[in-house]
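S.K.: Take a look at this one; I'll ask things after.
The values are calculated or read from the model by the stated rules, or taken from the named source; none is laboratory data. All figures in this text were calculated on a predicted structure; none of them were measured in a lab. When we count neighbours, we look across all protein chains shown, and the Cβ atoms used for this are built from the backbone with ideal geometry, even at glycine.
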């Protein structure tokens, strides 16, 4: 599955039609699939609790009219209300066809065209003689269309946002903004088609009136706007519907002409391909050795967490190299870890630590990796040692390395371009959060967050390393322009030490022989999946957010909770999800969750539970 921008999505639509699929067929598939998803998630509507559809005059509105028609067939015309914010006489193409079919079905419809109260308006009564909402409780200045929409939305089972799609850009026009406000005023769960109206499909920037959807059914592929900036909060749980496209055309790796780059979504299928398999004769030497370097006085916990995560992620042996004065504190915490004292000065490494690490690794197995930076400190001696470790001081080649935390800050001070000239070059993974990425790039954190995909790619190109840009929707970028997106993880993971654990997981995978981009992709996924498993164990719902917000929103996890779930996460990835399919199915055939649920034996929350 690929994450694309608006232009690439349009190309995919055109390619499907060139392959023989007509526009009406694609729209019919999209609308009917969305209708089936709605029934599966929220149950069947009825005249007392109808589904209210706000439709525009374009293709998104056409999708909404198809949804309304199928719901009318399955639940009866009186169980659906359609509000068309367009003049029916001006509809063109597939939307005009769907309007004609909808009228034949007998669905009650209100419509309004034009940009103000003087615009044309009309009503098609319901089969029982009603015409939808009465307008009771209208807000000041509302016309009959908006008043009726507000009244119907207040009693709706689900409100469907089918107003604007990927072709809409810029500020909302006043009629659209007013209609979205009226739709939201009812408080019903919102199902958005393709993406919530007013959400930029490339950047994720939302208009003030953009609905806060409970679910979004996006067609063909997920769009960048659903996962960037305001997108996650406005889109809710995202379901991706297969509408019959051939394989989606993918833009050049780094984007083209201002177009967002394509990113492969890290899913169970990809993760399963990457999990290292252990032969029957495996032993701790073949499982690799990880050296974690850091831990100045007061921060001994950081390398300890990375080391524990490395063990849980499959490393055969792990050594924690810390200043000599800190070593007793670390050694007392975990019997399964080896410790190694580094020359120190007042609780921080001194210059002699450079040669000490080389001596430590001289007799280690060929399969080994380093994690440098958790709690290392940023003093002059630490900077000297880091440059020596990255420059190959001591015998032998530099092993695959993960740079995290203080290691990244020291590189930022020296200039990230220095990494491009490292010997070998040896395999290197950088794991910055947005602030660290900004320091490495010499820009502000806001600039990184405003365009996370390009920031990750730019840093990978400048450093010649694989980059893991942490945050919601963690990204993995490599120097060749390849980009990966992780949809897993949850707000319960927003706590200290999570980054240290991620660095340890990636280090363990490097030590087991994975290439840097493979270790980063699988490490990010395992870490996030372990977080979702921990949230599920704490009672967070597996999917849906009608009553409880994002999965994990109310879970209060510690990094230890996540580390303990790593073996389970690895087992899931190696064997496939509990269904045995390797892919978490959505609520209906042909639909998958962008964030697959992890809890078994539980169903997503229904939209009526509010």
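S.K.: Taking residue 419, is it within 28 Å of residue 525 (Cα to Cα) and crowded, with 21+ Cβ neighbours inside 10 Å? Working first, answer last.
M.R.: On the way: within 28 Å of residue 525 (Cα to Cα): yes; crowded, with 21+ Cβ neighbours inside 10 Å: no.
Against the criterion (within 28 Å of residue 525 (Cα to Cα) and crowded, with 21+ Cβ neighbours inside 10 Å), residue 419 does not qualify.
S.K.: Here is a further query. If you take the residues of the range 224-254 that are at pLDDT 85 or above and out of contact with any strand residue (DSSP E or B) (no Cβ under 9 Å at 6 or more places or on another chain), which of them is surrounded by the fewest Cβ atoms within 10 Å (Cβ to Cβ)?
M.R.: By that ranking, first place goes to 244.
S.K.: Please give the number of the condition residue 551 fails out of (1) at pLDDT 90 or above; (2) part of a loop (DSSP other than H, G, I, E, B); (3) surrounded by 24 or more Cβ atoms within 10 Å (Cβ to Cβ).
M.R.: Looking at each condition in turn, residue 551 falls short on (1).
S.K.: Taking residue 407, is it in the same structural domain as residue 558 (by the TED database) and at pLDDT below 95?
M.R.: Numbers: in the same structural domain as residue 558 (by the TED database): yes; at pLDDT below 95: no.
No: the conditions fail for residue 407.
S.K.: Across the range 375-384, what is the number of residues that are surrounded by fewer than 22 Cβ atoms within 10 Å (Cβ to Cβ), assigned to a helix (DSSP H, G or I) and touching a helix residue (DSSP H, G or I) at 6+ places or on another chain (Cβ under 9 Å)?
M.R.: Of the residues in the range 375-384, 3 are surrounded by fewer than 22 Cβ atoms within 10 Å (Cβ to Cβ), assigned to a helix (DSSP H, G or I) and touching a helix residue (DSSP H, G or I) at 6+ places or on another chain (Cβ under 9 Å).
For (1) at pLDDT 95 or above; (2) not in a helix (DSSP H, G or I), each residue gets a yes or a no:
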{"residue": "370", "(1), (2)": "yes, yes"}
{"residue": "386", "(1), (2)": "yes, no"}
{"residue": "399", "(1), (2)": "no, yes"}
{"residue": "413", "(1), (2)": "yes, no"}
{"residue": "432", "(1), (2)": "yes, yes"}
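S.K.: Can you name every residue in the range 184-213 that is at positive phi and modelled with pLDDT under 95? Break it down into steps so the answer makes sense when it comes.
M.R.: Here is the first cut: in the range 184-213, the ones at positive phi are 187, 194, 198, 204.
Within the range 184-213, 187 is the sole residue that qualifies.
S.K.: Shifting gears a bit: Of the residues that sit in the range 255-266 and are out of contact with any strand residue (DSSP E or B) (no Cβ under 8 Å at 6 or more places or on another chain) and buried (at least 16 other Cβ atoms within 10 Å of the Cβ), which one is modelled with the lowest pLDDT? Spell out how you get there, then give the answer.
M.R.: In the first step, residues of the range 255-266 are kept if they are out of contact with any strand residue (DSSP E or B) (no Cβ under 8 Å at 6 or more places or on another chain); the result is 255-259.
Imposing the further condition that a residue be buried (at least 16 other Cβ atoms within 10 Å of the Cβ) reduces the set to 255, 259.
Details: 255: 56, 259: 82.
Per the stated criteria, the residue is 255.
S.K.: Which residue pairs have Cβ atoms closer than 8 Å, lie 6 or more positions apart in sequence or on different chains, and pair a first residue in the range 384-398 that is over 13 Å from residue 372 (Cβ atoms) and not assigned by the TED database to the domain that holds residue 410 with a second residue that is modelled with pLDDT of 75 or more and in a helix (DSSP H, G or I)?
M.R.: Between residues of the range 384-398 that are over 13 Å from residue 372 (Cβ atoms) and not assigned by the TED database to the domain that holds residue 410 and residues that are modelled with pLDDT of 75 or more and in a helix (DSSP H, G or I), there is no close pair.
S.K.: Looking at residue 148 and the list (1) more than 25 Å from the chain's Cα centre (by Cα); (2) part of a loop (DSSP other than H, G, I, E, B), which single condition is not satisfied?
M.R.: Result: residue 148 fails condition (2) only.
S.K.: Here is a check on your reading of the model: is residue 176 outside any loop (DSSP other than H, G, I, E, B) and surrounded by 20 or more Cβ atoms within 10 Å (Cβ to Cβ)? So that I can check it myself, show each step before the final result.
M.R.: On the way: outside any loop (DSSP other than H, G, I, E, B): yes; surrounded by 20 or more Cβ atoms within 10 Å (Cβ to Cβ): yes.
So residue 176 passes the test.
S.K.: Sticking with this structure for a sec: Among 335, 306, 315, which is in the same structural domain as residue 382 (by the TED database), assigned to a loop (DSSP other than H, G, I, E, B) and either at pLDDT 95 or above or closer than 30 Å to residue 487 by Cβ (or both)? Walk me through how you get there before you give the answer.
M.R.: On the way: 335 fails: either at pLDDT 95 or above or closer than 30 Å to residue 487 by Cβ (or both); 306 fails: assigned to a loop (DSSP other than H, G, I, E, B).
Exactly one residue qualifies, and that residue is 315.
S.K.: Please work out which residue is nearest to residue 529 (Cα to Cα), limiting yourself to the range 585-605 and to residues that are at pLDDT 85 or above and outside any loop (DSSP other than H, G, I, E, B). Reasoning before the result, please.
M.R.: Restricting attention to the range 585-605, the residues satisfying the condition of being at pLDDT 85 or above are 587-594.
Those left that are additionally outside any loop (DSSP other than H, G, I, E, B): 591-593.
Working: 591: 20, 592: 17, 593: 14 Å.
For the range 585-605, the residue satisfying everything is 593.
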